[in-house]
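Chemist: Pasting a structure here, questions to come.
The values are calculated or read from the model by the stated rules, or taken from the named source; none is laboratory data. Since the structure is predicted, the reported quantities are computational estimates derived from the model, not experimental observations. Glycine also receives a Cβ, built like all others from the backbone with ideal geometry; neighbour counts cover every protein chain displayed.
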Amino acid sequence: MRIDVVTLFPAFFEAFLAEGVTGRGVQRGLLEVHTWNPRDHARDRHASVDDRPYGGGPGMLMKLQTLRDAIGQARTAAGSRGRTIYLSPQGRRLDQAGVAELASEQHLLLVCGRYEGIDERIVLSEIDEEWSIGDYVLSGGELAAAVMIDAVSRLEPGVLGNEASHQQDSFMDGLLDCPHYTRPEEIDGLRVPPVLLSGDHAAIARWRRQQALGRTWLRRPDLLAGRVLDSQERTLLDE
Ligand code: ADE
């Protein structure tokens with residue numbers, strides 16, 4: 001998958017793309033990320049990328065021309081338009097279903113805003129969709145883009161070390177994750193649940209499902225709201 005990011009702060013993405021799961025995706029050639037800086041397209045002697053909003057008010061906006069030129073440069077380099085996303089609090093809320101939808105694309109183009117936002121004509125002419133990572137305001141789209149890239153790249157085949165591990169993640173089946181334990185078996189009187197030591201794989205799978213359901217029920221009942229529990233799930237919750 002190729003992801004192009006239009007940002008005033010390309011350095012922001014360097015560490016994140018060199019480390020961990022995303023780093024492995026890049027190293028294996030499964031994930032290709034390029035950044036494009038609107039400042040490289042500034043034409044005045046101050047290299048300005050922002051301007052005052054028409055109608056007045058506080059703050060500045062990202063200028064139309066520099067942003068549009070950077071988007072154009074990204075598309076030319078990629079050889080495709082890319083599903084073009086502007087990260088903003090006004091957008092569609094990102095959840096795991098959305099992540100899976102985006103992960104099925106070959107090419108994403110992410111546009112990060114700074115200041116009070118971008119000229120609306122960029123949204124009208126260049127942007128396919130706005131997406132938000134949550135109901136709070138960040139200082140720019142970079143963190144949101146990084147969140148999106150991380151979540152999407154986990155679903156690219158071959159990026160995760162253990163192919164099965166994302167299938168066990170929270171939300172893959174609409175539930176929170178079950179608790180996990182590693183060695184030692186006991187510490188300060190806190191013991192690993194005996195079922196996990198039993199070697200009984202069916203019992204372990206059942207326990208995990210029950211824990212996932214129970215946690216979701218207690219912590220995020222909203223996730224169960226639209227869901228029809230099957231008979232096995234009802235039994236597990238009743239126990
Ligand atoms: N830019 C600023 N706040 C944001 C948010 N919550 N999600 C996505 N992009 C943003």
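Chemist: Determine whether Ala151 is within 11 Å of the ligand (Cβ to nearest atom) and either among the basic types (Lys, Arg) or in a helix (DSSP H, G or I) (or both). Explain how you work it out, then say what you get.
Modeler: Numbers: within 11 Å of the ligand (Cβ to nearest atom): no; either among the basic types (Lys, Arg) or in a helix (DSSP H, G or I) (or both): yes.
Criteria not met by Ala151.
Chemist: I'd like to check something: does region 115-131 contain any residue that is in contact with a helix residue (DSSP H, G or I) (Cβ under 8 Å, 6 or more places away or on another chain) and within 29 Å of Ser170 (Cβ to Cβ)?
Modeler: Yes, the conditions are met somewhere in region 115-131.
Chemist: In this structure, is Arg92 basic (Lys, Arg), within 20 Å of the chain's Cα centre (by Cα) and either surrounded by fewer than 16 Cβ atoms within 10 Å (Cβ to Cβ) or not in a helix (DSSP H, G or I) (or both)?
Modeler: When the stated conditions are applied, Arg92 passes them.
Chemist: Mind checking which residues of region 99-116 are within 16 Å of the ligand (Cβ to nearest atom), part of a helix (DSSP H, G or I) and surrounded by fewer than 16 Cβ atoms within 10 Å (Cβ to Cβ)?
Modeler: Once the filter is applied, which keeps residues that are within 16 Å of the ligand (Cβ to nearest atom), part of a helix (DSSP H, G or I) and surrounded by fewer than 16 Cβ atoms within 10 Å (Cβ to Cβ), region 99-116 yields nothing.
Chemist: Kindly check whether there is at least one residue in region 129-142 that is in contact with a strand residue (DSSP E or B) (Cβ under 8 Å, 6 or more places away or on another chain) and more than 10 Å from the ligand (Cβ to nearest atom).
Modeler: There is at least one residue in region 129-142 that is in contact with a strand residue (DSSP E or B) (Cβ under 8 Å, 6 or more places away or on another chain) and more than 10 Å from the ligand (Cβ to nearest atom).
Chemist: Going residue by residue through region 117-125, is there one that turns out to be more than 15 Å from the ligand (Cβ to nearest atom), assigned by TED's automatic domain parsing to the domain that holds Met60, among the acidic types (Asp, Glu) and surrounded by 14 or more Cβ atoms within 10 Å (Cβ to Cβ)?
Modeler: yes
Chemist: Is it the case, given these coordinates, that Val195 is outside the structural domain of Val99 (by TED's automatic domain parsing) and assigned to a loop (DSSP other than H, G, I, E, B)?
Modeler: Values: outside the structural domain of Val99 (by TED's automatic domain parsing): yes; assigned to a loop (DSSP other than H, G, I, E, B): no.
When the stated conditions are applied, Val195 does not pass them.
Chemist: Counting only residues that are small (Gly, Ala, Ser), farther than 27 Å from Leu223 by Cα and at pLDDT 95 or above, how many does region 87-138 have?
Modeler: The qualifying residues number 2.
Chemist: If you take the residues of region 225-239 that are assigned to a loop (DSSP other than H, G, I, E, B) and charged (D, E, K, R), which of them is farthest from Asp173 (Cα to Cα)?
Modeler: So in region 225-239, the residues assigned to a loop (DSSP other than H, G, I, E, B) come out as 225-230, 239.
Then drop every residue that is not charged (D, E, K, R), which leaves 227, 230, 239.
Details: Arg227: 11, Asp230: 13, Glu239: 21 Å.
Per the criteria, the residue is Glu239.
Chemist: Small (Gly, Ala, Ser) and outside the structural domain of Ile85 (by TED's automatic domain parsing): which single residue out of Ala225, Ala146 fits that description?
Modeler: The unique qualifying residue is Ala225.
For (1) within 21 Å of the chain's Cα centre (by Cα); (2) of a type in the set (A, V, I, L, M, F, W, C); (3) not in a loop (DSSP other than H, G, I, E, B), each residue gets a yes or a no:
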site: Val26; (1), (2), (3): yes, yes, yes
site: His34; (1), (2), (3): yes, no, yes
site: Arg39; (1), (2), (3): no, no, yes
site: Arg43; (1), (2), (3): no, no, no
site: His46; (1), (2), (3): no, no, no
site: Gly55; (1), (2), (3): no, no, no
site: Leu67; (1), (2), (3): no, yes, yes
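Chemist: Does Gly79 satisfy the condition of being among the small types (Gly, Ala, Ser) and free of Cβ contacts under 8 Å to residues at least 24 places away in the same chain?
Modeler: yes
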